[in-house]
Amino acid sequence: MSTPPLPHLVGRRRECAALDDLLGALRAGDSAVRVLRGEAGIGKSVLLSYVAEQAAGVTVSRAQGVEADMELAYASLHQLCAPFLAGIDALPPPQRDALQVAFGTAAGDPPDRFLVGLAVLSLLTRASETRPVLLVVDDAQWLDQVSLQTLEFVARRLLAEAVAMVFAVRDPEGAAVLLDLPHLPVGGLDAGASAELLAAVFGGRLDKRIRDRVVAETHGNPLALRELARGRSAAELAYGVEDVEPVSVSGRVEQDFAQRVEALPAQTRKLLLLAAAEPIGDARLLVRASEALGITPDAAPAKAAGLVEFGESVRFRHPLARSAVYRHADPAERRSAHRALAAATDPVLDPDRRAWHAAQAAAGPDEEVAAGLVQAAGRARQRGGVAAEAVLLERAAVLTPDAWARGSRALAAAEAHFSAASLDRATEMSALADLCPLEPLDRARLTRLRARILFTRSRSDEAAPLLLDAAARFDDTGSPLARETYLEAISATVFAGRVHGPSGARAAAVAARSARVTASGSAASDLLLDGVATLLADGHEPGIPALRRALEPFVGEELDGRDAIMRWLLLVPVALEAFIHYAWDLPAWDALSGRAVRLARDIGALGVLPPALIYAGGVRIHHGDFATADAMINEADAIATATGNAPHKYAALVLAAWRGEAGPAAGVIDEARVSATQHGEVSLLGVTGYVQGVLNNGLGRYEEALVAARAGIEHDGFNFTGLSLVEHIEAAARCGELAEARESLARLTELTEPVPSGWARGVRARSRALLAETDDVDASYRHGLELLAQDRVVVEVARTHLLYGEWLRRSQRRAEARTQLRTSYEMFDGMGARAFAERARRELEATGEHIRVRESQPATRLTPQESQIAVLAAGGMTNPQIGAELFLSPHTIEWHLRKVYTKLGVGSRRELPAALEALGLATPA
C-alpha cells in the first residue's frame, strides 16, 4: 500500500506513486533508477524531498548541482559518497586507489574515470549489504562533468543491488543529460490542482476569472503559482501577472525574485551576491568574505523576502533565486564579490576554488591569476578530472596577457577538451590557439589535434592528410611524436578504407619511411612502425618478415605506468590489422588482443576496452567458440553504451555471417552501411563484402555471394581483401565463373605466398583444390586441413571438411564423403554455424545417411553474459573477481549465477565445470 502524498504535494499522486514503487523495489533488494524531467519550478525538487522523506530504513545521500562556470573535478561525487567512505579500504586495491586519487586523499597516477565509476559501484554495493541505499541528485545538469559521467556509468551498471538513484534534470538546459535512463516526466499541474494550490497560497477569496487567468499564464507551474501570488492582493494579481513582453514562466519567476532583491538593503544585496557566487554555501566563508567587503552580514531581510535560508550552510529558496541575484548584479559588483571570496578562501586547503574566484574577479588579462589556474588545472588532471582541467586551462588562456603563452595554454585546453570528449569546445580553443603565435612543436600538436577531432567526428579520409602533415612537422622539430603520428595516420587510413592514393595507407607508410626521426622512445613501437611501413611501401616479401620481427617485442614490451599502457593500447589496432589481414597470423591476433583486454581491464580503461574485446571476440569466432565471442561482443557493446561511445560493428557482422542468420545479419549489415555513409567509415563497406560472402556461401546462395565478395575485392581497403578473395573463389567456382575464380586465386596466391602461416597456406590449398584437376584435389584438401589445424582456424577446418566431402560425393566416393561431411556437420552444429551445418546435413542425406537435427542445448538458453560469468566461475574466480573483470558488482554476478544454476540444473560452483564441459563451453585453467 502506497504512502499518501504529503500535504503540500497537490496534484502529484501519479509521480508519488511511481516513487513509492521505486522505494518498494529498493526495500525488496532491487535496484532502480529514475530521472525526473521538467522545467524550472515544476516541482522536481519537492518530489525529491518526498522520496527522501518516505525512505524509512534506507540510507539516503543527497547532492545538488549549482549553476556556475566552476568545474571542480569529482566535487559532487565526493559529496554524494561521503556517507559511505568508511568502507573504502574494503574495495579491491585498484578501485580503492582510483577513488582516493580522484577525491584528492592520496597521490597516484590519474585514474580512469570508469575505474572510478566501478569503485563507486562497489562502494555503494557494500553499503547496501546492511541497509538499502538511495542517492538523490537535484539539478543534475549542473554537476561537474566527471561526477555526472561517473554517476551515469554507475546507473547503467546497477542490476541486482539494493541501490536506487533518483535524479532531477531541468529542461531545456539538461535536454542532453542522462537521456537513456528511465525517466519520469514532471509537467504542470492540471487546472483543478493549480486552483487548489493558488487558493492555499493566496489565503483569501479570489475571483474565478482572475484565478483562471493566473493558472493559464503560469501553465500550472507550482513555483510560479506560489511566488507570483506571494504577498499580492487580488488587484495586483488581476493586473500584475502578465508581462508586456512574452516571457517564459521561469523567466517571469526569476524577474519576480529580482524585484524582491532590488527592494533589499544594500548590505543584504551584497551578502546575497556573495552567496550566489559561492556554490558550496559555506556560511563561515561568507562571513569572512563579508569582512573583506567591509559589510556587516544581515540576512534577516533576505529571509523575510523568502529568498534564502541561513544556517551552517546557505540555501537559496530556488535556483532561480540564485540566478536572479547573480545575473541582475552589475559586472563590477560580481567581480568585487569574487575578489572577496578569493581573499577569504584558504590558499592551502582549497587552492583551486581560490584560483577560480580570483579568475572571476579579474577585469582583464592577469598573468598571476592565469598561472594560478594552470596550477589548479594540473591538480585536476592528477585527480583524473580532465573536464575540470580543460575548463581551468580555457579560462587561463583567456586571462593570459602574453600571446605566445596564451597560444600554448589554449592548445593545452583544446587537448584537454578533446580528452574529455567535448569536441565543440576543443574546436573553439583550437581556433584561439591558431590565432596566436606558436612554437613549431605546438603547431604540429595543433595540426594533429585537428585531425583527431575530424577523425572522431567522421572516420573519413579527411584526417589522414592532416596527420601526415602533423607527423612531418614533428619530424622537422626532431620530436619522437613523429613516429607515433605516422602510425596514427596509417590507422586513420584503415578506417577510411584506402590503401592507394595520396591519402592512403601506402602514402602514409612511404612518408614514415622517409622520416628523419628514427626513434620514438619505444623500441617495440619503432619495430612495429618499421614492419607496417615496409609491408605497405615495399610489399609482402620484405614486409611480412619485418612485421613478424616486431611481434615478440611488441607483445612482451615492459610497460611502466598508465601512460605507457595507454600508448601501447592505442597502437594495438594498427598491429592487429596488419597481423590479421596481411600476415594471416591467428596466434598473433590471439596474443595481442588477449593482452590488450587484460591491460585495459587492469587499469580500468573502458574507452579502449570495447575494441580490444571486439578483436578478442574475432579470435573466438575463428576458433569456432561462438558463445564466448558473443559474450565478448555483448560486453563490448554494453560498455560502449555505458561510456557513451558508438558500438563497434565488425565482429558482430562477422559472427552473424558465420552463424548463418540471414535476418539478423541483414539488419547488422544495413546498419553498418548507414554508419559508413554517415561517418565516412568506408572500411565498413569493405567488410560487408566479406561478410555477405560468408553468409551467402553458407546458405548456398552462390550468385549473391559472388556479387558481394566481388565488391569486397574491388574495395580499395586496408583489410578484408584477402578474406573476400577466399569467398569469391568458392562462389565463382560454384557458379561456373572459372575465369573469375582463377583470377582471384592468382591474386590470393600473390598475397599469401610470402606468408608462412598455416591459415594463409591452408585456405590457399583449399582454394586451389576447388579449381584443381582430379589428380590434385585430394592432396590439396588434405594439405589444407593439416595447415588450418596447425593454427586452430576451426571454422575453416570445418569448412574444408565440407568442401572436401562435397567433392568426394560428386566423385561418387560416398563412404569417404560421409566421413568428411559428418565431421563438418558435427563441428558446425557444435559451434552454432547453422547455415553451414544445414549445408553439410543436406550433403550427408544425399549420400544416403540420415541426420537427426539436434534439439537446442541448455547452453543456447544462457545469455552471452551468463555464459561468460559461468565460465569464469567454473574456473575458480570469486564473485568480486568476476565483477572486477566484467565491471559489474558482486551482487549482479551472484544474481546471474543463480539464473545459470537454474538453467543448467546445478546447485553450486563445484558442479559448473562438468555441466559446461557437457555443453561444449571451455573452462579456463
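The values are calculated or read from the model by the stated rules, or taken from the named source; none is laboratory data. Model, not experiment: these values are computed from the prediction. Reconstructed Cβ throughout: ideal geometry from the backbone, glycine too, with neighbour counts over all protein chains shown.
Summary of computed values
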{"read-out": "Residue satisfying all of: in region 446-461; assigned to a loop (DSSP other than H, G, I, E, B) and within 16 Å of Leu487 (Cα to Cα); modelled with the lowest pLDDT among these", "value": "Arg459"}
{"read-out": "Glu71 vs. criteria outside any loop (DSSP other than H, G, I, E, B), of a type outside the set (Phe, Trp, Tyr) and either at pLDDT 95 or above or buried (at least 21 other Cβ atoms within 10 Å of the Cβ) (or both)", "value": "no"}
{"read-out": "Residue among Glu577, Glu635, Glu671 that is over 18 Å from the mean Cα position of the chain (by Cα), assigned to a helix (DSSP H, G or I) and not assigned by TED's automatic domain parsing to the domain that holds Arg747", "value": "Glu577"}
{"read-out": "Residues within region 178-216 that are of a type outside the set (Ser, Thr, Tyr), surrounded by 15 or more Cβ atoms within 10 Å (Cβ to Cβ), touching a residue at least 60 places away in the same chain (Cβ under 8 Å) and in contact with a helix residue (DSSP H, G or I) (Cβ under 8 Å, 6 or more places away or on another chain), tallied", "value": "7"}
{"read-out": "Residue in region 355-389 that is surrounded by the most Cβ atoms within 10 Å (Cβ to Cβ), counting only those that are of a type outside the set (A, V, I, L, M) and not in a helix (DSSP H, G or I)", "value": "Gly385"}
{"read-out": "Scope region 16-32; condition crowded, with 21+ Cβ neighbours inside 10 Å and in contact with a Lys or Arg (Cβ under 9 Å, 6 or more places away or on another chain); matching residues", "value": "Leu19, Leu22"}
{"read-out": "Residue match in region 162-184 (condition: within 24 Å of the chain's Cα centre (by Cα), closer than 30 Å to Leu888 by Cβ and part of a helix (DSSP H, G or I))", "value": "no"}
{"read-out": "Yes/no for Arg814 being in contact (Cβ under 8 Å) with a residue 12 or more places away in the chain, within 25 Å of Arg620 (Cβ to Cβ) and of a type in the set (Lys, Arg)", "value": "no"}
{"read-out": "Single match in Val726, Val755, Val777, Val795 (criterion: surrounded by 17 or more Cβ atoms within 10 Å (Cβ to Cβ) and either on the phi > 0 side of the Ramachandran plot or part of a loop (DSSP other than H, G, I, E, B) (or both))", "value": "Val755"}
{"read-out": "Any chance Val287 is at pLDDT below 85 and of a type in the set (A, V, I, L, M)", "value": "no"}
{"read-out": "Neighbours by Cβ (under 7 Å, 6+ apart or cross-chain): first from region 473-499, modelled with pLDDT of 85 or more; second in a helix (DSSP H, G or I) and among the aromatic types (Phe, Trp, Tyr)", "value": "Leu481/Phe474; Ala482/Phe474; Thr485/Phe474"}
{"read-out": "Region 406-465, residues that are closer than 21 Å to Ala507 by Cβ, surrounded by fewer than 20 Cβ atoms within 10 Å (Cβ to Cβ) and acidic (Asp, Glu)", "value": "Glu462"}
{"read-out": "Lone unmet requirement of (1) out of contact with any strand residue (DSSP E or B) (no Cβ under 9 Å at 6 or more places or on another chain); (2) assigned to a helix (DSSP H, G or I); (3) buried (at least 21 other Cβ atoms within 10 Å of the Cβ) for Val51", "value": "(1)"}
{"read-out": "Some residue of region 320-329 being more than 24 Å from Arg170 (Cα to Cα) and more than 37 Å from the chain's Cα centre (by Cα)", "value": "no"}
{"read-out": "One residue from Leu787, Leu808 being more than 30 Å from Ala591 (Cα to Cα) and crowded, with 23+ Cβ neighbours inside 10 Å", "value": "Leu808"}
{"read-out": "Tally, over region 799-834, of residues that are within 14 Å of Phe626 (Cα to Cα) and either assigned to a helix (DSSP H, G or I) or not hydrophobic (A, V, I, L, M, F, W, C) (or both)", "value": "7"}
{"read-out": "Close pairs from region 600-617: first in contact (Cβ under 8 Å) with a residue 24 or more places away in the chain and closer than 19 Å to Ala420 by Cβ, partner part of a helix (DSSP H, G or I) and of a type in the set (Asp, Glu), Cβ under 9 Å, at least 6 apart", "value": "Leu609/Glu635; Pro610/Glu635; Pro610/Asp637"}
{"read-out": "Check on Val146, under 27 Å from Ala421 (Cβ atoms), surrounded by 20 or more Cβ atoms within 10 Å (Cβ to Cβ), in contact with a Gly (Cβ under 8 Å, 6 or more places away or on another chain) and at pLDDT 90 or above", "value": "no"}
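Each row is one residue, and each column tells you yes or no for (1) within 28 Å of Leu26 (Cα to Cα); (2) not in a helix (DSSP H, G or I).
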residue	(1), (2)
Leu80	yes, no
Pro94	no, no
Leu99	yes, no
Gly108	no, yes
Leu115	yes, no
Leu118	yes, no
Leu121	yes, no
Leu124	yes, no
Arg131	yes, yes
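Here's the yes/no breakdown for (1) assigned by TED's automatic domain parsing to the domain that holds Gln79; (2) of a type in the set (A, V, I, L, M, F, W, C); (3) modelled with pLDDT under 80; (4) over 30 Å from Asp346 (Cα atoms):
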| site | (1), (2), (3), (4) |
| --- | --- |
| Arg209 | no, no, yes, yes |
| Asn221 | no, no, no, yes |
| Glu291 | no, no, no, no |
| Ala321 | no, yes, no, no |
